[in-house]
Amino acid sequence: QVQLVESGGGLVQSGGSLRLSCVASGSITSINAMGWYRQAPGKQRELVAIVTSGSSTNYADSVKGRFAISTDNAKNTVSLQMNSLKPEDTAVYYCYARRVLMHYWGKGTLVTVSS
């Protein structure tokens, strides 16, 4: 099992910045992807950014150029720097990890961007 704990959500004005962090614990060997998804009210959960083995990164088109994902393998963390936030970025952000064929999720952290 892998446990994921997010931190860093909150309320920010449009144009502002937030940094989300997620710490992984448990059976963290063989994790081959870590990243962030989000779910806005009334919408499906969507990929925001992900880092796969080999340090390949992938971003949703809506956040390219504004968000940056990074990992610290020594600290078993994945972070998401979010700049130039927009009201449409308001959502619950979930940390994600994939280990072999198993998918793991954090409980989520709420990001609210006011206009």
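Couple of notes before you dig in:
- Amide H to amide H, with H built 1.01 Å from N, Lys86 comes under 5 Å of Gly15, counting only residues 5 or more places away or on other chains.
- Two-site FRET efficiency, Val100 against Ser17, from Cβ-Cβ distance with R₀ of 25 Å, rounded to 0.05: 0.10
- Residues of the chain: accessible area per residue with a 1.4 Å probe, Å²: 54
- Each label was represented as a point 7 Å from its Cα along the Cα-to-Cβ direction; for Asn32 and Ser70 these points are 2.7 nm apart.
- Computed over protein heavy atoms with a 1.4 Å probe, the carbon and sulfur contribution to the accessible area of the chain reaches 49%.
- Cα gyration tensor category, rounded, prolate or oblate, for region 39-115 with a/c compared to 1.5: prolate
The values are calculated or read from the model by the stated rules, or taken from the named source; none is laboratory data. Quick caveat: nothing in here was measured; it's all calculated off a predicted structure. Note that we place each Cβ from the backbone using ideal geometry, even for glycine, and neighbour counts take in every protein chain shown. Note: accessible area is taken over every heavy atom of the protein model, side chains too, but ligands, DNA and RNA are not part of it. Shrake-Rupley method; radii C 1.70, N 1.55, O 1.52, S 1.80 Å.
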